[in-house]
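In what follows, a single structure is set out as structure tokens and then discussed.
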């Protein structure tokens, strides 16, 4: 079966086939025999590839179909899609880039400060709001330049995870 | 000796204290908030009493409720842990009034040392070196600017009642002083109920070095060597080690003697930590004293072989220290890594959620002090410290590689944590050489540096693809769909057409 895997914006094709005790996997134009066991309630995948043993922590990212995998470093986000899903995702991405970006609270907390105003042009990474959670003040921003078209909370408001804080429209052409 | 001790804390430190009580044959009681019924300290203690709603001002910070719980369960001692009421002199007084021994110093010693302005005065009188500064409260920019100019920029603003990195701000020029002062004062008022702020010279290239001391009620005070705590992010310690790579035997003696002098100046009893800031010239200045057990106390335990909580309990029971200064020797090297529910890839954003699976590192020289388990939902209303990984080895080099090995073994599933940050730090040349100061992280770390190599990326792609492939028949359960496990299996099987 063919999958498209996207990691840090780089797309690679992977073909996976069943084998007796595991899988045959094609990546970077090379076939690998992968012996695989799920360990510790699914915390780890234990992979044996050409005699080398790798223990990779994997889980599905919350509120997303993507995967998180960690091997001797930080979690890496991997989108794994079939051909059909890949085409649908590309289409959706194109539409989203024309639409607004929503800044949502990544965790439950309290709004300390809103640092922008409606109508203001902002840069990617610029602080839009300061939210306090776990006794720390966190500066929240979005990853795209744009114009603030809506602010939906004010200082002092309590926030649930994914509560809408601000809407950022794309810059006018 | 005590019959029953109430541990007035939560999380990993409450579990830590309960362990020693258990070993000493003392019955342990603890308190918990409504948000903590499923927290580990409640399960580990012999007795546990709910003292109110989740927010700490309504539970863990309520002196009356904690004292009531201690009285009604018949505890003859209270161990405050760190944070919450641990450095609250009113709480220590309330304990004395209720005829319950507070396991810590006298309220007077706490009051002097807990207030940075008062502590500084007392230290200067006692001949302990202090950083040039106002030593007194500054209230307005008009007052602060000439003082700052006299001391010389950069200066640092500090909340008198602050600690643990909270309520501090560095100011580089007169222009930004007013806003910084205002913000520091309002934060201090909010966090500590005291807006007193003072100003002092900011040492560049500073190392944070602290000395563990232990005093008894018979006037004996000894030191247990130093801890290097310079790996900090925004004044929050992340990694600590003992001994410090910047301290030799001669300097250790001077630091230790200075710390002992500082404690004798306030008739200190129990465990305490004297914090110093040390410049590249090895000149050191008194920073503050923490009149309690520190988060990072285990590294001192590993290099001295002394259980600090046991000593606290013994000393509080009126026993003299059973060791003299010359009996103390430092053996090997220890490091502590704070495991926080924070995502280093996203500016250390707190990460909430349920820990669904855990694999704790084991093997020689590995100690885990944690307050979580698989299935634990991390409350968002307390600080993000999940636990501590503490490593001991015979030398610093071995300690570095053992730490890397243990972090590779460590797995936590369900939320983001900062272990990838620790793995990164352990690879840095400057850290490995012991050549770092308190700016190390703020200057050098950026989330981009956590980027994986192509081998790690390929493994991530393979693992994720296998998961997706194994999950391909699984249907997403939407609202209104059957939820029972049997129906779930039935539907999956149905889809597979078997």
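No value in this document is a laboratory result; all are computed from the given coordinates. Remember, predicted model here, so these are calculated numbers, not experimental data. Note that we place each Cβ from the backbone using ideal geometry, even for glycine, and neighbour counts take in every protein chain shown.
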Only listed residue being surrounded by fewer than 22 Cβ atoms within 10 Å (Cβ to Cβ) and in contact with a strand residue (DSSP E or B) (Cβ under 7 Å, 6 or more places away or on another chain), chosen from B:152, B:104, B:126: B:152
Selected residue (criterion: farthest from the other protein chains (Cβ to nearest Cβ)) from residues of the stretch A:62-74 that are outside any strand (DSSP E or B) and touching a strand residue (DSSP E or B) at 6+ places or on another chain (Cβ under 6 Å): A:66
Matching residues, the stretch B:426-452, being more than 9 Å from chain A (Cβ to nearest Cβ), within 23 Å of residue A:75 (Cβ to Cβ) and touching a strand residue (DSSP E or B) at 6+ places or on another chain (Cβ under 6 Å): B:441
Test: residue in the stretch A:141-160 that is within 11 Å of chain B (Cβ to nearest Cβ), touching a strand residue (DSSP E or B) at 6+ places or on another chain (Cβ under 6 Å), surrounded by 15 or more Cβ atoms within 10 Å (Cβ to Cβ) and within 19 Å of residue B:347 (Cα to Cα): no
Extreme residue, farthest from residue B:398 (Cα to Cα), among residues of the stretch B:431-442 that are over 22 Å from the mean Cα position of the chain (by Cα) and loosely packed, with under 13 Cβ neighbours inside 10 Å: B:435
Qualifying residues in the stretch B:344-361 (those that are in a loop (DSSP other than H, G, I, E, B) and farther than 12 Å from residue A:161 by Cβ) - the one farthest from the other protein chains (Cβ to nearest Cβ): B:361
Selection from the stretch A:1-19 of residues that are more than 9 Å from chain B (Cβ to nearest Cβ) and outside any strand (DSSP E or B): A:9
Answer residue from the stretch B:400-417, given it is more than 13 Å from chain A (Cβ to nearest Cβ) and surrounded by fewer than 23 Cβ atoms within 10 Å (Cβ to Cβ) and is farthest from the chain's Cα centre (by Cα) among those: B:401
Number of the exception - residue A:77 against (1) more than 8 Å from chain B (Cβ to nearest Cβ); (2) touching a helix residue (DSSP H, G or I) at 6+ places or on another chain (Cβ under 9 Å); (3) not in a strand (DSSP E or B): (3)
Subset of the stretch B:380-390 that is more than 9 Å from chain A (Cβ to nearest Cβ) and touching a residue at least 60 places away in the same chain (Cβ under 8 Å) - its residue that is surrounded by the fewest Cβ atoms within 10 Å (Cβ to Cβ): B:385
Qualifying residues in the stretch A:40-61 (those that are more than 7 Å from chain B (Cβ to nearest Cβ) and assigned to a loop (DSSP other than H, G, I, E, B)) - the one surrounded by the most Cβ atoms within 10 Å (Cβ to Cβ): A:61
Some residue of the stretch A:20-39 being closer than 27 Å to residue B:403 by Cα and more than 9 Å from chain B (Cβ to nearest Cβ): yes
